[in-house]
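A short write-up of the structure that comes next.
The values are calculated or read from the model by the stated rules, or taken from the named source; none is laboratory data. Worth saying up front: this structure is predicted, and the values here are computed from it rather than measured. Methodologically, a virtual Cβ is constructed for each residue, glycine included, from the backbone with ideal geometry; neighbour enumeration extends over all protein chains shown. To get the accessible areas, we keep the full protein, side chains included, count just its heavy atoms, and leave off ligands, DNA and RNA. Shrake-Rupley method; radii C 1.70, N 1.55, O 1.52, S 1.80 Å.
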Amino acid sequence: MTNREIIEKTAAFVRSELKNAEGGHDWWHIERVWNNARTLARSEPADLFVVELAALLHDIADHKFTGGDESAGPAKARELLSGLGVEESVISHVEQIMTGVSFKGGNVVPGFYSPELGVVQDADRLDAIGAIGIARAFNYGGFRGREMHNPSIPPETGMSAEQYRRSTAPTINHFYEKLLLLKDRMNTETGRRMAEQRHRFMESYLEQFYREWSGG
Ligand code: ADP
Ligand code: NI
């Protein structure tokens, strides 16, 4: 099988796995991250085959939806890729990217790093900010039955991965707990530039949100 065929089969697998996913973590999220990743990889010393596979597979069996089980996604990816005859070094690299890509509150000490992880993580982070990021956050909050905003519950930035996962805070808090922190944590130069533009958009969105909240 050619690499292109492997990527197409992987895309078809992911699309069917995510059939019933929440709107912010569905196939369209994967497709956007896949596109972002291909764009970013152009100016990085990254293996495009690994980047594309990891971008496609990064959210299958997301720990947010499997009760915190971190090994479910990588195990599923391994099963698929070995069935497609992908070589071991590529499979284990994809697994390491899948494990390393998640934000988990931002207070987890990063372990593994590679240019391919940097690209996929930036691609995923870009989809968490800007107009799409705002839409995804409110969609996820709605899915979890959260309040949009509650002025008496302040944001918390020092959360552990476990606290972050269990948080039931209003969606506006998520901007301060994650979304507004991402632009300073980008791995690639292109990613950083794109993130800055999306970041400014979120800042003006929040300004308008508070103005309207208080009847302005
Ligand atoms: P990761 O999957 O990288 O660990 P998150 O757990 O923050 O990152 O989830 C990815 C996306 O899901 C976020 O960018 C956001 O759109 C949405 N999301 C996750 N947690 C929340 C939350 N508490 N409130 C609103 N949106 C959230
Ligand atoms: Ni993702």
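For the condition under 28 Å from Phe143 (Cα atoms) and in contact with a Leu (Cβ under 6 Å, 6 or more places away or on another chain), Ala55 does not qualify. Do the conditions hold for Ser43, that is, is it surrounded by fewer than 18 Cβ atoms within 10 Å (Cβ to Cβ), more than 15 Å from the chain's Cα centre (by Cα) and closer than 23 Å to Ser82 by Cβ? Here the answer is no, as Ser43 does not meet what is asked.
Tell me whether the stretch 117-138 contains one or more residues that are more than 16 Å from the chain's Cα centre (by Cα) and at pLDDT 95 or above. No: zero hits. For first residues located in the stretch 157-175 and modelled with pLDDT of 95 or more, partners that are assigned to a helix (DSSP H, G or I) and open to solvent by less than 70 Å² (accessible area, probe 1.4 Å) and lie 6+ apart or on another chain with Cβ distances below 7 Å form the pairs Thr171/Ala137; Thr171/Phe138; Thr171/Gly141; His174/Ala137; Phe175/Met202; Phe175/Leu206. The set of residues in the stretch 1-25 that are within 16 Å of ligand 1 (Cβ to nearest atom) and surrounded by fewer than 17 Cβ atoms within 10 Å (Cβ to Cβ) contains only Gly23. Candidates in the stretch 66-98 are the residues that are surrounded by 13 or more Cβ atoms within 10 Å (Cβ to Cβ) and charged (D, E, K, R); of these, the one that is farthest from the chain's Cα centre (by Cα) is Arg78. Within the stretch 71-108, if we keep just the residues that are among the hydroxyl-bearing types (Ser, Thr, Tyr) and at pLDDT below 95, the residue that is nearest to Val50 (Cα to Cα) turns out to be Thr99. Listed by position, the helices (runs of 4 or more DSSP H) enclosed by the stretch 112-200 that each have at least 3 residues that are buried (at least 17 other Cβ atoms within 10 Å of the Cβ) are 115-126, 130-143, 171-177.
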